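**Q** Could you have a look at this structure, given as structure tokens, before my questions?
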Amino acid sequence: MTILLVGGGGREHALAWTLSRSPRVGTIVVAPGNPGIARLPKARLSPVRAEETDAVVALARAEAADLVICGPEGPLGLGLGDAVRAAGFPFFGPSRAAAEIEGSKAFAKRLMADAKVPTAAFGVFDDIAAAERFIDAQPGPVVVKADGLCAGKGVVVAATKEESKAAVRRMIGDREFGAAGARVVLEERLFGREVSMMALCDGDRLALLPSAEDHKAVFDGDRGPNTGGMGTYSPSPLVDDDLEREIVQRIFEPTVAAMRRMGRPFQGVLYGGLMLTKNRGPVVIEWNCRFGDPETQVVMVRLKDDLLPWLQGAAAGHLPEGRLRSVAGAAVCVVLAAANYPGPPRGGDVIFGLPADGTETADGVLVFHAGTRADAGRSGTEALVTAGGRVLGITAGGASLAEARERAYGAIGTAAGKIHFSGMHFRNDIGARGRS
Ligand code: AMP
Ligand code: GLY
């Protein structure tokens, strides 16, 4: 089979690595991919960019793709799924209408209210005065969210009402996020630990993937500004079988059923950012219409079964029967970030200690590339250099969480054979939260 995979980050490297291990996969064409993906024996890169819908469809034709998979949310919101399906190719990922569950927070909130899915109390506003009246009427501070896609930056978790109001004025009044913030969702602030749950959906049924926890803040101890995610581990020690069942029955099933009723059946991966609250149990903080990054890195390492039939099944509207099995033990992904990230990252720092070929180090640790690029350099020999905020995701499985952590962190450092680059920073406490 020939797979066309759209995207070029760490998530796509993890997906390509997983698919390349399927005996039924012959070739994975990745648009645009990255230098780490290019090192996979079955993978080949195409310079087509993910947002160039027509060019992706043309590529599917040229390669006679048996399945097209999209990683990032942007192309889904532009209707890539609709265009690829209209051209007659099986597509893993939601239609434009179904991708609204991530693309419009207002849509997602209304859907959850209709389907009685637990979520924070909310209001939707495009008028500053009305928004301020809502804030005044709430018992505590209010979280302010731009309605549209803002690459994870459009959320202000305010500590006071004044802060909430200032955020509303910046978004609606000053158009801080352009059109994406012309409308805002105001939400009750909830408290609890966050877990990431992903499920493969065929429009009707769903198959849950192993739980994971992201670490969004840039510094140890969850301090400092938020990032796209500084690391993950799987499983979450908080999600036992009972909670998993509750999450499926109270959150995922009613959401998938509501999407179907609305004529927007969801085919692809539905990814919930959930907060585990003391009083209300699991509550949805946000829905995403795609694989999480870097959640996918740890989840892929833990899969026991071949992922391919499940992606094909979701794309065709018929998931396989039974469960998608995962291995016991744990996996950890430590993100190595570039100097100055999450501010504008410095690029061009040479990366040392990468595996000579393939994705695995000599110790079997997986090095997923996100922000890297090949550079001819001064000496004329080609090196890989930093080219993005999140540069690499150092990922390891283990019989226990402690072992997985030890293996992942053991691959990082300035000693010979260890991975490092100038300006590199990472969190030392990925997977150290444990139970609480
Ligand atoms: P989002 O982009 O909606 O995931 O929000 C980004 C982050 O803001 C989440 O991961 C939470 O940590 C936080 N957040 C969002 N909504 C709420 C809420 N209602 N209460 C508390 N924290 C929230
Ligand atoms: N890890 C956060 C996200 O993928 O949105």
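**Q** So in region 113-141, with the set limited to residues that are within 31 Å of the chain's Cα centre (by Cα) and of a type in the set (Val, Ile, Thr), which one is nearest to ligand 1 (Cβ to nearest atom)?
**A** Within region 113-141, the match that is nearest to ligand 1 (Cβ to nearest atom) is 119.
**Q** I want to confirm something. Restricting to region 123-154 and keeping residues that are part of a loop (DSSP other than H, G, I, E, B) and more than 16 Å from ligand 2 (Cβ to nearest atom), which single residue is surrounded by the fewest Cβ atoms within 10 Å (Cβ to Cβ)? I'd like the intermediate steps shown before the answer.
**A** Taking region 123-154 as the starting set, the residues that turn out to be part of a loop (DSSP other than H, G, I, E, B) are 126-127, 138-141, 147-154.
This time we only want the ones that are more than 16 Å from ligand 2 (Cβ to nearest atom), so: 126-127, 138-141, 147.
On the way: 126: 13, 127: 12, 138: 16, 139: 7, 140: 11, 141: 18, 147: 25.
My answer is 139.
**Q** I would also like to ask the following. If you go through region 216-247, how many residues are touching an Asp or Glu at 6+ places or on another chain (Cβ under 7 Å) and under 19 Å from residue 330 (Cα atoms)?
**A** 4
**Q** (1) within 16 Å of ligand 2 (Cβ to nearest atom); (2) out of contact with any Lys or Arg (no Cβ under 7 Å at 6 or more places or on another chain); (3) more than 25 Å from residue 241 (Cα to Cα): which one isn't true of residue 337, the others all being true?
**A** Residue 337 satisfies every listed condition except (2).
**Q** Can you work out which of the residues in region 142-154 that are modelled with pLDDT under 90 and near ligand 1 (Cβ under 9 Å from one of its atoms) is nearest to the chain's Cα centre (by Cα)?
**A** Only one residue fits best here, namely 152.
**Q** Just name the residue that is surrounded by the fewest Cβ atoms within 10 Å (Cβ to Cβ) out of those in region 382-410 that are among the β-branched types (Val, Ile, Thr) and touching a residue at least 60 places away in the same chain (Cβ under 8 Å).
**A** Of everything passing the filter in region 382-410, 394 is surrounded by the fewest Cβ atoms within 10 Å (Cβ to Cβ).
**Q** For region 208-219, enumerate the residues that are buried (at least 22 other Cβ atoms within 10 Å of the Cβ) and either away from ligand 2 (no atom under 12 Å from the Cβ) or assigned to a strand (DSSP E or B) (or both). I'd like the intermediate steps shown before the answer.
**A** Step one: of region 208-219, the residues buried (at least 22 other Cβ atoms within 10 Å of the Cβ) are 209-215.
Listed by number, the residues that qualify are 209, 210, 211, 212, 213, 214.
**Q** How about region 332-355: which of its residues are buried (at least 20 other Cβ atoms within 10 Å of the Cβ) and not in a loop (DSSP other than H, G, I, E, B)?
**A** Of everything in region 332-355, those that are buried (at least 20 other Cβ atoms within 10 Å of the Cβ) and not in a loop (DSSP other than H, G, I, E, B) turn out to be 332, 333, 334, 335, 336, 337, 351.
**Q** Of all residues in region 277-294 being assigned to a strand (DSSP E or B) and away from ligand 1 (no atom under 12 Å from the Cβ), which is nearest to residue 112 (Cα to Cα)?
**A** Across region 277-294, the extreme among qualifying residues is 282.
**Q** Would you confirm whether any residue within region 316-331 is part of a strand (DSSP E or B), modelled with pLDDT of 95 or more and closer than 25 Å to residue 417 by Cα?
**A** Within region 316-331, the first condition is being part of a strand (DSSP E or B), and the residues that meet it are 326, 330-331.
Among the residues that remain, those that are also modelled with pLDDT of 95 or more are: 326, 330-331.
Then drop every residue that is not closer than 25 Å to residue 417 by Cα, which leaves 330-331.
Looking for residues that are part of a strand (DSSP E or B), modelled with pLDDT of 95 or more and closer than 25 Å to residue 417 by Cα, one finds at least one in region 316-331, hence yes.
**Q** Just wondering, is there one or more residues in region 252-270 that are touching a residue at least 60 places away in the same chain (Cβ under 8 Å), under 25 Å from residue 395 (Cβ atoms), away from ligand 2 (no atom under 16 Å from the Cβ) and not in a helix (DSSP H, G or I)? Don't jump to the end; show me each part of the working.
**A** So in region 252-270, the residues touching a residue at least 60 places away in the same chain (Cβ under 8 Å) come out as 254-255, 257-259, 262-270.
Among the residues that remain, those that are also under 25 Å from residue 395 (Cβ atoms) are: 268-270.
Going one step further and asking which of them are away from ligand 2 (no atom under 16 Å from the Cβ), we end up with none.
The answer is no, given that none of the residues of region 252-270 is touching a residue at least 60 places away in the same chain (Cβ under 8 Å), under 25 Å from residue 395 (Cβ atoms), away from ligand 2 (no atom under 16 Å from the Cβ) and not in a helix (DSSP H, G or I).
**Q** Among the residues of region 73-101, write down those that are surrounded by fewer than 21 Cβ atoms within 10 Å (Cβ to Cβ) and assigned to a loop (DSSP other than H, G, I, E, B).
**A** Across region 73-101, the qualifying residues are 78, 79, 87, 88, 89, 90.
**Q** Follow-up question, since we're still on this one. Considering only region 321-371, state which residues are among the charged types (D, E, K, R), closer than 30 Å to residue 204 by Cα and in contact with a strand residue (DSSP E or B) (Cβ under 9 Å, 6 or more places away or on another chain).
**A** First pass over region 321-371, keeping only residues among the charged types (D, E, K, R): 321, 323, 325, 346, 349, 357, 360, 363.
Still in the list and also closer than 30 Å to residue 204 by Cα: 321, 323, 325.
Those that are among the charged types (D, E, K, R), closer than 30 Å to residue 204 by Cα and in contact with a strand residue (DSSP E or B) (Cβ under 9 Å, 6 or more places away or on another chain): 323, 325.
**Q** Quick check on region 155-175: of everything there that is in a loop (DSSP other than H, G, I, E, B), of a type outside the set (Val, Ile, Thr) and within 15 Å of ligand 1 (Cβ to nearest atom), which residue is surrounded by the most Cβ atoms within 10 Å (Cβ to Cβ)? Can you show your working first?
**A** Of the residues in region 155-175, the ones in a loop (DSSP other than H, G, I, E, B) are 158-160, 174-175.
Narrowing the set further to residues that are of a type outside the set (Val, Ile, Thr) leaves 158-159, 174-175.
From what is left, the residues that are within 15 Å of ligand 1 (Cβ to nearest atom) are 158-159.
Values: 158: 20, 159: 11.
Looking at residues that are in a loop (DSSP other than H, G, I, E, B), of a type outside the set (Val, Ile, Thr) and within 15 Å of ligand 1 (Cβ to nearest atom), I get 158.
The values are calculated or read from the model by the stated rules, or taken from the named source; none is laboratory data. All of these numbers come straight from a predicted model, not from anything done at the bench. Glycine gets a Cβ as well: all are built from the backbone with ideal geometry, and neighbour counts include every protein chain shown.
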